[in-house]
1. Between residues in region 320-334 that are modelled with pLDDT of 95 or more and residues that are loosely packed, with under 13 Cβ neighbours inside 10 Å and not small (Gly, Ala, Ser), which pairs lie under 6 Å by C-beta distance while being six or more apart or on different chains?
2. Any idea how many residues of region 101-119 are outside any helix (DSSP H, G or I) and open to solvent by 50 Å² or more (accessible area, probe 1.4 Å)?
3. For region 30-65, give me each residue that is open to solvent by less than 50 Å² (accessible area, probe 1.4 Å) and touching a residue at least 60 places away in the same chain (Cβ under 8 Å).
4. Out of region 258-300, which residues are more than 18 Å from TRP317 (Cα to Cα), free of Cβ contacts under 8 Å to residues at least 40 places away in the same chain and in contact with a Phe, Trp or Tyr (Cβ under 7 Å, 6 or more places away or on another chain)?
5. I'd like the full set of residues that are within 30 Å of LEU117 (Cα to Cα) and open to solvent by less than 20 Å² (accessible area, probe 1.4 Å), limited to region 244-273.
6. Being in contact with a Phe, Trp or Tyr (Cβ under 8 Å, 6 or more places away or on another chain) and either at pLDDT below 90 or assigned to a loop (DSSP other than H, G, I, E, B) (or both) is the filter here; which residues of region 16-59 pass it?
7. If you go through region 214-240, how many residues are part of a loop (DSSP other than H, G, I, E, B), open to solvent by less than 40 Å² (accessible area, probe 1.4 Å) and over 30 Å from ASP104 (Cβ atoms)?
Amino acid sequence: MTNGTATTTDLDVRLEKHRTELTGYCYRMLGSSFEAEDAVQDTMVRAWRSYEKFEGRSSLRSWLYRIATNVCLDMLTAGNKRARPMDLTESTPLARAALSPRPDHTWLEPMPDARVLPVVEDPAEAAVAKESVRLAFMAALQQLPPKQRAVLILREVLAWRASEVAELLDTSVASVNSALQRARATLAERDEKGADAAVSDPLDEEQQKLLERYVAAFEGYDMTALTALLHEDAVMTMPPFDLWLTGQEDITGFMTTLGAACEGSRLLPVQVNGLPGFAQYKPDPEAGGFSPWAVQVLEISEGRLTGFHFFLDTQRWFPLFGLPLHLEAEADQVEEGV
């Protein structure tokens, strides 16, 4: 009994070592934070149950990726493609702005960096990993057929050899190379808003100052200061609503009309999708203090904000990020990392 328990515990530890990178892989495949975690849990259960059949012809890591790939491909057979608002509709002028929600399964979902980006020694490897979970790249991945998606992630993001991917997918090297070529061609055709976002890791001094000015402008609800930080073609989205806005005037105009209740908000920094972000709390006139309103994801290029995306389903996102569901009124200054 003791030996069996020890063996079981050892296997659990060995499997858990791969959870973060598998979650990152499944997240890129599925575009959903919660579906990715479900897929990894299913992978772990399947691996645990069938471990006695694992013959060691490949590494434990490769075997887990094979299981995870099959789980994801099964989940994607319904053909659902996660998207951003700009993938589904045209930009709406402020004068015609209307908040029309779509079901949760429509949207590409945000994800905390810590859940999908393993700690790595190589800065170049870390940079590639962060770029591969950014919203623009994630949205592009969702346009690929599932097997092409798997090939591109395994080859381009995780740097697997074509022979390793062929073995994982039970196909030929020629088939893998062909799928990769088609996937690259599809991505090259997409003119991505935010695809040119240039965010240093860690943030350079200029980017850090830009974020400090953004926090001051947003918390002070200073539209003049905010306009100075926005690129002239900046984009603002607000899933689950399909509305999206383009340009400084429409964005700041929205914030002072339909979004006026956000005045007086507080922002806490978060690391999300390889980009800087903030948890936004807005004043709660009934309970006092501040209540969750959105997880913001910011895109930066050439010293300006090119995109900011507000994910509004706070009952889902704030617990995922380990964020409190209320801030007291006197807690104007909250330590980073809460």
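1. none
2. 5
3. Result: GLY31, SER32, SER33, ALA36, SER58, SER62, TYR65.
4. PRO283
5. SER265, LEU267, LEU268, VAL270, VAL272, ASN273
6. Within region 16-59, PHE54 is the sole residue that qualifies.
7. Going through region 214-240 one residue at a time, the tally reaches 0.
Results for (1) part of a loop (DSSP other than H, G, I, E, B); (2) hydrophobic (A, V, I, L, M, F, W, C); (3) under 17 Å from ALA136 (Cα atoms), shown as yes or no for each residue.
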{"residue": "GLU249", "(1), (2), (3)": "no, no, no"}
{"residue": "GLY253", "(1), (2), (3)": "no, no, no"}
{"residue": "PRO269", "(1), (2), (3)": "no, no, no"}
{"residue": "PRO285", "(1), (2), (3)": "yes, no, no"}
{"residue": "LEU298", "(1), (2), (3)": "no, yes, yes"}
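The values are calculated or read from the model by the stated rules, or taken from the named source; none is laboratory data. If you're wondering where the values come from, they're calculated on a predicted model, not measured in any experiment. All Cβ positions, glycine included, derive from the backbone under ideal geometry; neighbour counts span all protein chains shown. All accessible areas refer to the heavy atoms of the entire protein, side chains included, with ligands and DNA or RNA removed. Shrake-Rupley method; radii C 1.70, N 1.55, O 1.52, S 1.80 Å.
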